[in-house]
1. Cβ-Cβ distance below 6 Å, separation of 6 or more or different chains: which pairs start in the range 71-84 with a residue that is under 14 Å from residue 13 (Cβ atoms) and end on one that is among the hydroxyl-bearing types (Ser, Thr, Tyr) and surrounded by 15 or more Cβ atoms within 10 Å (Cβ to Cβ)?
2. Tell me the residue from 68, 110, 114, 123 that is of a type in the set (Lys, Arg), loosely packed, with under 14 Cβ neighbours inside 10 Å and either modelled with pLDDT under 85 or under 19 Å from residue 14 (Cβ atoms) (or both), please.
3. For residues in the range 81-101 being under 17 Å from the mean Cα position of the chain (by Cα) and buried (at least 18 other Cβ atoms within 10 Å of the Cβ), which is nearest to residue 129 (Cα to Cα)?
4. Quick check on my filter: what residues within the range 129-144 are crowded, with 18+ Cβ neighbours inside 10 Å, of a type outside the set (Phe, Trp, Tyr) and either under 22 Å from residue 12 (Cα atoms) or without any contact (Cβ under 8 Å) to a residue 60 or more places away in the chain (or both)?
Amino acid sequence: MNIQTTVIVAFLLSSLVEYCFHRFYFHYFQKDGFAQKHHRQFSGKTSFEVPDARLQDIMPSYMYLFIKASLYYILSVIWFIDNISQGILFFATTLIYALWTEYIHLHFHKPDGKAIENLRIFKFLKENHRKHHMDNTIYYGIGSHIWDILFRTDKERSA
């Protein structure tokens, strides 16, 4: 596998893991977990952005991040057992994507005027995330929109 393919596969896999964790773990298996508390606190057009929000109200637990990193590490070792440099690249790409999603999620809810908030992709993802807080059956992708399109969770439900 060449470098570009490794990066693309790592991006696709990590964005799929993020989508599935958000959709199925946070919203389906945790009936009164982090996602439900987070949605209650950050719902509606006026309270979606809360500049004085506490970090622990926005970000998932360290254990969640550790589980994702461990999964990516295991996949890196399994897929690239014969090519250490490709494995390191794969693992680094998945970690960068995971950090990207946590960073932008923080800025979705706790804006502070950073340059990232002016990027078109950021504004697009933020609007999707705002819609997700209004209807938690759509727009599960935080750092990417790919899986919402493929799994058809990218449209508002008609009443």
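The values are calculated or read from the model by the stated rules, or taken from the named source; none is laboratory data. Since the model is a prediction, treat every value here as computed from it, not as a measurement. FYI the Cβ positions are ideal-geometry reconstructions off the backbone, even for glycines, and counts take in every protein chain you see.
1. 72/94
2. Working: 68 fails: loosely packed, with under 14 Cβ neighbours inside 10 Å; 110 fails: loosely packed, with under 14 Cβ neighbours inside 10 Å; 123 fails: either modelled with pLDDT under 85 or under 19 Å from residue 14 (Cβ atoms) (or both).
One residue alone meets the criteria, 114.
3. Step one: of the range 81-101, the residues under 17 Å from the mean Cα position of the chain (by Cα) are 91-101.
Now narrow it down to the ones that are buried (at least 18 other Cβ atoms within 10 Å of the Cβ): 91, 93-95, 97-98, 100-101.
Working: 91: 26, 93: 23, 94: 21, 95: 21, 97: 17, 98: 16, 100: 15, 101: 12 Å.
Checked the range 81-101; the qualifying residue nearest to residue 129 (Cα to Cα) is 101.
4. 129, 132, 141, 142, 143, 144
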